[in-house]
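Novice: One structure coming up, written as structure tokens, with questions to follow.
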Amino acid sequence: MADDKIFVPDYTWTVAKPGSNISSGATVQTFTPSVNAATPLEDSLPDNFDPFEHLQQVYIPQHNAAVRLYFSDLPNDWKPNIATARSSLRTACTMLDGDNQLMMNLRHHLLFDLLGYGKSDLIVYNGSRNDILPPVDGHPIVKFYFSQDIESVPHGQNRTDAEYSFRLMNETATTFTKANAMTLATKVKQHMIVSNQGIMFTKGKNIYLYRDEMHGYRLKLYGNQEADAIDLITRMLECQDLAFDENKLTVSTPKKSNTVTPATVEVYGKEVKKNRYRPIDNVRFRYAYVEVPLLKKPIYLVDTTYRHTPLVH
């Protein structure tokens, strides 16, 4: 790589002679430095400036610093080698002065994407952004995620989504096995997917509460029609071979209208509409997963978005 030109100020120090014996501990005369700065370099790129060489000079040290941090378990005097798996990976990730753009891209991709360095400090939430709750100790919980088709979202509005769940009261973290998960995944696919698409549910302002705590149900659905709400609840119950009981359903219909256009307020110098009150929107089933106590990652049962690896396709 080409050498950078470095601006070094011209310092001239004028030191006063001591007026007493230093070895005796007496105070010496103070001195004041005199600084004469050299004329700064021109504020322009040199004639032979190479953008790629300059980028390498700036980028490679930063990238290799991240490599050293990621492989901090290796000795400080580590030298490139492929004797162990970790050493082989670090050798592959470390950028060299002679690397071309393709090699730099591959080394970056290996470290940040495949090895996950770029995602190491991210917090990942599963489920609806409107109702994020941490997993709790106890029985495994099965969650069904729904979201609005993107093409049906009006311009300037947020995509509507929803998440509904029940607990497996006959299972614990110890008893729940992969075989049990496969059986559950098969039933979810059977009842929640039709013609390779997730079922549709229409959200609205009405509240449909279904309480069957013995079987792990404390459902709260915002729906538009009672028949739609009962159909969705029934499908979820059938995933556990349970029957719908109308005596466990409570319906609440607010007087407030949900068709009024939201008011506009000024936020950070811009006109922004307030959130709609329980809008009537169609949301489609996307995927289902199980959160097992003490298990760090959820188990995806089915997924129509192809973003996760489910047990059943």
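The values are calculated or read from the model by the stated rules, or taken from the named source; none is laboratory data. In this text, all values refer to a predicted model and were calculated from it rather than measured experimentally. We place every Cβ from the backbone using ideal geometry, glycine too, and count neighbours over all the protein chains shown. Surface accessibility is based on the protein's heavy atoms, side chains included, excluding ligands, DNA and RNA. Shrake-Rupley method; radii C 1.70, N 1.55, O 1.52, S 1.80 Å.
Novice: Among the residues of region 212-248, which ones are of a type in the set (Lys, Arg) and modelled with pLDDT of 95 or more?
Specialist: Once the filter is applied, which keeps residues that are of a type in the set (Lys, Arg) and modelled with pLDDT of 95 or more, region 212-248 yields Lys220, Arg235, Lys248.
Novice: Another question about this same structure. Suppose we keep only residues that are free of Cβ contacts under 8 Å to residues at least 24 places away in the same chain and of a type in the set (Phe, Trp, Tyr) within region 267-309. Which one would you say is surrounded by the fewest Cβ atoms within 10 Å (Cβ to Cβ)?
Specialist: Going through the qualifying residues, I end up with Tyr268.
Novice: Please count how many residues of region 261-313 are assigned to a loop (DSSP other than H, G, I, E, B), closer than 19 Å to Asp161 by Cβ and aliphatic (A, V, I, L, M).
Specialist: The qualifying residues number 1.
Novice: Continuing with this model, one more query. Please enumerate the residues belonging to region 218-266 that are within 33 Å of the chain's Cα centre (by Cα) and either hydroxyl-bearing (Ser, Thr, Tyr) or loosely packed, with under 10 Cβ neighbours inside 10 Å (or both).
Specialist: Tyr222, Thr234, Thr261, Ala263, Thr264, Glu266
Novice: Out of everything in region 197-217 that is open to solvent by 70 Å² or more (accessible area, probe 1.4 Å) and of a type outside the set (Asp, Glu), what residue ends up being farthest from Asn180 (Cα to Cα)?
Specialist: Met200
Novice: Something else now. Got a number for residues in region 210-234 being of a type in the set (S, T, N, Q) and in a helix (DSSP H, G or I)?
Specialist: Of the residues in region 210-234, 1 are of a type in the set (S, T, N, Q) and in a helix (DSSP H, G or I).
Novice: Right, next: Let me spell it out: the conditions are (1) closer than 23 Å to Asp303 by Cβ; (2) out of contact with any strand residue (DSSP E or B) (no Cβ under 8 Å at 6 or more places or on another chain), and Thr202 meets all of them except one. Which number is the exception?
Specialist: (2)
Novice: Which one of these does Phe146 not meet: (1) modelled with pLDDT of 95 or more; (2) closer than 12 Å to Arg284 by Cα; (3) open to solvent by 70 Å² or more (accessible area, probe 1.4 Å)?
Specialist: It fails just one condition, (3).
Novice: Anything in region 155-167 that is in contact with a helix residue (DSSP H, G or I) (Cβ under 8 Å, 6 or more places away or on another chain) and part of a loop (DSSP other than H, G, I, E, B)? List them, or say none.
Specialist: Arg159
Novice: Return the residues of region 69-118 that are under 22 Å from Gln57 (Cβ atoms) and open to solvent by 90 Å² or more (accessible area, probe 1.4 Å); say none if nothing qualifies.
Specialist: Leu69, Pro80, Leu96, Asp97, Gln101, Leu102, Leu106
Novice: Which members of region 152-168 meet the condition of being under 20 Å from Thr202 (Cα atoms) and either open to solvent by 60 Å² or more (accessible area, probe 1.4 Å) or not hydrophobic (A, V, I, L, M, F, W, C) (or both)?
Specialist: Answer for region 152-168, where residues must be under 20 Å from Thr202 (Cα atoms) and either open to solvent by 60 Å² or more (accessible area, probe 1.4 Å) or not hydrophobic (A, V, I, L, M, F, W, C) (or both): Ser152, Pro154, His155, Gln157, Asn158, Arg159, Thr160, Asp161, Glu163, Tyr164, Ser165.
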